[in-house]
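A.B. asks: Have a look at this one before I ask anything.
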Amino acid sequence: MKNLKAYILILTLSLLPLSFVTPAVAETVQVEFKVVDMQGLTDQYKVRKILSALEGIEKVILTDGDDIVFMVFEDELSSLFDIKTALAAQGYPVTEMKRL
């Protein structure tokens, strides 16, 4: 019985620091950027597919006749680096990225 009380005490003390950890809050980020070499509906479709495959992407808006993309995503699941890398790997480098 003495050992059981000791084990319970050790378990309680070992779990105590976990209760003080505050969870990180995900932030919704809005960005606007220009995609190089995006011409026509086929390229817009490809860019939308690439971006939609990333985690945390909420909205992708492509403008007609332009190479501008508006996007909303959760920064805890994706980052600007992830977006740039995914597009550049498929031949669509990103320039002029800015947060809104």
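A.B. asks: Can you run phi through the Karplus equation (6.51, -1.76, 1.60; θ = phi - 60°) for region 42-50 and list ³J(HN,Hα) in whole Hz, with x for Gly and Pro?
C.D. replies: 5, 5, 4, 4, 5, 5, 4, 5, 4
A.B. asks: Let me ask something additional. What is the distance, in nm, between label points placed 7 Å from the Cα along the Cα-to-Cβ direction at Leu41 and at Asp82?
C.D. replies: If labels sit at Leu41 and Asp82, their model points lie 3.1 nm apart.
A.B. asks: For the pair Gln30 and Ile68, how long in nm is the line joining their label points, each one 7 Å along Cα→Cβ?
C.D. replies: Once both label points are built, they end up 1.3 nm from each other.
A.B. asks: On to the next question. Could you give P(r) for region 25-100, binned at 5 Å from zero, as whole percent values over all Cα-Cα pairs?
C.D. replies: 3, 17, 32, 28, 14, 4, 1, 0
A short reminder: the numbers here are calculations on the coordinates, not readings from a lab. It should be emphasised that the depicted structure is a prediction, and the values quoted were computed from it without experimental measurement. Every residue, glycine as well, gets a Cβ built from its backbone with ideal geometry; the counts of neighbours run over all protein chains shown.
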